[in-house]
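Q: Starting off with a structure, shown below.
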Amino acid sequence: MRILFVTNPFRAHLYVQVPLAWALRTAGHEVCVAGPPDLADAVARTGLNGVSVGERLAMEEKMPPADATAETVDACDPRGHRTGRSVQSDFGWGDAYTELEDLTTGVREVFFPDSAFDDLVDFARQWRPDLVITDPTAFPGAVAARVVGAAHARMMLNVDRVGQLRAACRDRLGADGDPMREWLGPILERYGSEFDEAAVLGQ
């Protein structure tokens, strides 16, 4: 079986996937890890096959420095007011829908430009994975899986923030609009598919 892992642009997220990826490879499956060019060296050091998708993100330039003060962090992250708790009824932005909007905007604008979707779909069409395992917010993996007919699973790192936010907002997504549908819907349509919850939450 061919298994494609798709990671977010952070080494910590990649390293969570590596043990499972190696276990599957050791069991005889073909494994490949997809991520932004920024992670190419880190992927290579894991010993796994990798492919770069999208453009360089330069995350280190977008993050506040290690010695940042609270004022500096607030300037870099205008959202602010995070609770730091994993209790999902206690939203750091004061409202679940606002947090869903903010999460969608952040992932879209910072992590996964359109080029990441196009590159990953092109690679998946050539490599033909049977299973795509993604970081919880690595949505290009969901699109690529849909396009090539592969199964799609998300690999949780901690609480399922996306799933819990969507559950908390379920009654408002129709009336107020669904920011994830507005983002991913046109991309899926471009590839002949339609948006549904599996595109966000996997199978």
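Q: Quick one: Cα centre-to-centre distance for region 155-199 and region 96-149, in angstrom?
A: So the separation of the two Cα centres works out to 12 Å.
Q: Using 16 Å as the cut-off for backbone N distance, which residues of region 105-134 belong to the label zone defined by a point 7 Å from the Cα of Arg190 along Cα→Cβ?
A: Taking a point 7 Å out along Cα→Cβ of Arg190, the residues of region 105-134 whose backbone N falls under 16 Å are 108-125.
Q: Say each of Arg2 and Leu201 gets a label point 7 Å from the Cα, pointing the same way as Cα to Cβ; how far apart are those two points in nm?
A: 3.0
Q: Taking amide hydrogens as modeled 1.01 Å from N in the peptide plane, which residues meet the under 5 Å criterion relative to Thr134, leaving out close sequence neighbours?
A: Placed amide hydrogens put Val6, Ala153, Arg154, Met155 under 5 Å from Thr134.
FYI, it's all coordinate maths here, none of it is from the lab. Everything numeric here is computed off the predicted structure, so don't read it as measured data. All Cβ positions, glycine included, derive from the backbone under ideal geometry; neighbour counts span all protein chains shown.
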